[in-house]
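The values are calculated or read from the model by the stated rules, or taken from the named source; none is laboratory data. Predicted model, so just to flag it, every value in this text is computed and none were measured. Here the Cβ positions follow ideal geometry from the backbone for every residue, glycine too, while neighbour counts run over all protein chains shown. We work out accessible area using only protein heavy atoms, side chains counted, and drop any ligands, DNA or RNA first. Shrake-Rupley method; radii C 1.70, N 1.55, O 1.52, S 1.80 Å.
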Amino acid sequence: MERGLSRHNAVYVHVGDCWNAGSRSKGVERDQALRALAEGVTACPQCRPDTALGILD
């Protein structure tokens, strides 16, 4: 999960080995990633965590 500049809000969900994850990224559990995506946090367009987690085909 990548946080914004304030480090309080999530701006992207990434797959663990995404090349595009920034320095403000931190690993989270699968449930947390699913919840963030369901709540509207943007899925990284490069690594597509929504597809990897089975949300989209």
Run the simple label-point estimate for Glu39 and Ser6 please: 7 Å along Cα→C-beta, distance reported in nm. 1.4
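First compute the accessible area of the chain with a 1.4 Å probe, then give the percent of it belonging to carbon and sulfur atoms.
47
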Those residues of the stretch 1-21 whose amide nitrogen sits under 16 Å from the label point placed on Arg48, 7 Å along Cα→Cβ: 13-20
Ordered by residue, what ³J(HN,Hα) values in Hz, to whole numbers, does the stretch 20-37 give under the Karplus form 6.51 cos²θ - 1.76 cosθ + 1.60, where θ = phi - 60° and Gly and Pro are x? 9, 5, x, 6, 8, 8, 9, x, 9, 5, 3, 4, 5, 5, 4, 4, 4, 5
Mean-position separation - Cα centroids, the stretch 1-36 and the stretch 37-57, in angstrom: 11
Would you mind putting 9-20, 34-45 in packing order, based on average other-beta-carbon counts within 10 Å, highest first? 9-20, 34-45
For Thr42, residues with placed amide H under 5 Å, excluding near neighbours: Val13
Suppose only helical runs count, i.e. DSSP H with n ≥ 4. What mean residue ellipticity at 222 nm does that imply for the chain under -39500 (n - 2.57) per run, divided by all residues and rounded to the nearest 500 deg cm²/dmol? -5500 deg cm²/dmol
